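The values are calculated or read from the model by the stated rules, or taken from the named source; none is laboratory data. Just so we're clear, the structure is a prediction, and the values are computed from it rather than from any experiment. Cβ placement follows ideal geometry from the backbone for every residue including glycine, while neighbour counts extend to all protein chains displayed.
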Amino acid sequence: MTLDAVIFDWGGTLTPWHTVDPLACWLAVTSDERQAAALHEAEAAVWALCRDEHRSATLDHVLDAAALTLTAAQRRAYFDWWDAHSFTDPAVEPLFQGLNERGLKIGILSNTIWPRDEHERIFARDLVHSYIDGAVYSSEIEWTKPDPRAFRAAMDAVGAQDPSRAVFVGDRLFDDIFGAKRAGMRAVHVPHSEIPAWQHTGVVGEPDAVIDGLLDLLPVIDAWR
Ligand SMILES: [Mg+2]
């Protein structure tokens, strides 16, 4: 078969999974515990909307729902807090090089409330940004994975036409694997993340392959080609 593109989830796939206390990032932003709790609650609500209705949201939606605004310094503190939990797996650069050598487009499709520039800053920091042909961050579109429209947007971003010639790689059996399969793509599961129980939906997709580490993707792709 011919393959044109490989599209990746971000958190827990290109970054090693970290279990974090979701309230802690807000306590890095404000020392007011009531404000932090309101932000945490507002964030949980947008992720529930993502889980149940596959509707996207932004950081500004979270702030609006909590009726708070952040100073530039607080905003920076929020993203700085995440820096320790967002580093790119060292296997990503050689993996992307390998996909490049095979003539495959490389895409990103992330369910995220963050703006594009913060994701691009992280990819640039970790020296992999130049490999990425196209990226869709759900904060920029109406839908989140597993909605087929999110996958279609990611295909468009890398210039891929035929979903049967595209591979999706992700750590979540619902958002990533079920979503990619329903969109007509091949799906590869990276099963190392501890997905919080409240994010489970009971719906799981059946991956076409399961890999132990990211570099194990290359022989899977070679076998399919
Ligand atoms: Mg993920």
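Tabulated results
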item: Out of 48, 37, sole residue that is more than 16 Å from the ligand (Cβ to nearest atom), within 18 Å of the chain's Cα centre (by Cα) and either in a loop (DSSP other than H, G, I, E, B) or not assigned by TED's automatic domain parsing to the domain that holds residue 200 (or both); result: 48
item: Meets criteria (touching a Phe, Trp or Tyr at 6+ places or on another chain (Cβ under 8 Å) and in a helix (DSSP H, G or I)) for residue 74; result: no
item: Some residue of the stretch 146-156 being within 16 Å of the ligand (Cβ to nearest atom), in contact (Cβ under 8 Å) with a residue 24 or more places away in the chain and farther than 18 Å from residue 55 by Cα; result: no
item: Scan of the stretch 185-206 for residues that are within 14 Å of the ligand (Cβ to nearest atom) and outside any helix (DSSP H, G or I), ordered by number; result: 187, 188, 189, 190, 191, 192, 193, 194, 195, 196, 200, 205
item: Scan of the stretch 180-202 for residues that are hydrophobic (A, V, I, L, M, F, W, C) and surrounded by 13 or more Cβ atoms within 10 Å (Cβ to Cβ), ordered by number; result: 180, 183, 185, 187, 188, 190, 195
item: Selection from the stretch 168-179 of residues that are in contact (Cβ under 8 Å) with a residue 40 or more places away in the chain and either away from the ligand (no atom under 16 Å from the Cβ) or in a helix (DSSP H, G or I) (or both); result: 175, 176
item: Test for residue 75: is it basic (Lys, Arg) and under 20 Å from residue 46 (Cβ atoms); result: yes
item: Subset of the stretch 96-117 [within 16 Å of the ligand (Cβ to nearest atom) and out of contact with any strand residue (DSSP E or B) (no Cβ under 8 Å at 6 or more places or on another chain)]; result: 111, 113
item: Criterion violated by residue 156 - all others in (1) over 25 Å from residue 114 (Cβ atoms); (2) among the acidic types (Asp, Glu); (3) part of a helix (DSSP H, G or I) satisfied; result: (1)
item: Failed condition for residue 182, given (1) more than 19 Å from residue 136 (Cα to Cα); (2) more than 15 Å from the ligand (Cβ to nearest atom); result: (1)
